[in-house]
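What follows is one structure encoded as structure tokens, with my remarks underneath.
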Amino acid sequence: MSRTYTLDQAAALLNLGRNTLARRLREAGVLGADNLPAGPYRGRVNLVVVATGTYWHPICGWTHYGRTEFTDAGLDHIATKLGIDLARLPHPSSRRAQQTQQARSAT
């Protein structure tokens with residue numbers, strides 16, 4: 001499975017705040033008022049994934065939720081759509097190699 005990024009993580013990678021990113025994505029028609037994918041982005045799992053789950057609320061009982069997550073391609077797409085320069089993300093295995101190399105050089 002490919003890597004996905006929550007709104008918080010995507011905002012950090014795009015050098016924006018979470019609320020600013022969500023507002024700009026709503027204005028661009030990517031997200032709806034509920035911060036879930038809007039019209040043309042629904043079902044485009046190569047760009048946007050909705051992670052669903054449940055949690056126990058003390059008054060309402062079991063409650064369902066949906067959380068929007070972006071794939072690497074989706075992150076590139078929204079960066080282009082919002083006019084933000086974003087360097088290509090490194091492959092996860094290359095990040096592990098960098099972390100290992102940095103850890104060795106620190107010792």
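The values are calculated or read from the model by the stated rules, or taken from the named source; none is laboratory data. Predicted, not measured: the structure shown is a model, and the values here were computed from it. Note: ideal-geometry Cβ built from the backbone for every residue, glycine included; neighbour counts use all protein chains shown.
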Condition broken by V30, with the remaining ones in (1) under 15 Å from the mean Cα position of the chain (by Cα); (2) of a type in the set (A, V, I, L, M, F, W, C); (3) more than 23 Å from G83 (Cβ to Cβ) satisfied: (3)
One residue from I78, I59 being loosely packed, with under 11 Cβ neighbours inside 10 Å and among the hydrophobic types (A, V, I, L, M, F, W, C): I59
1 or more residues at pLDDT 95 or above and out of contact with any strand residue (DSSP E or B) (no Cβ under 7 Å at 6 or more places or on another chain): qualifying strands (runs of 3 or more DSSP E) within the chain: 61-71
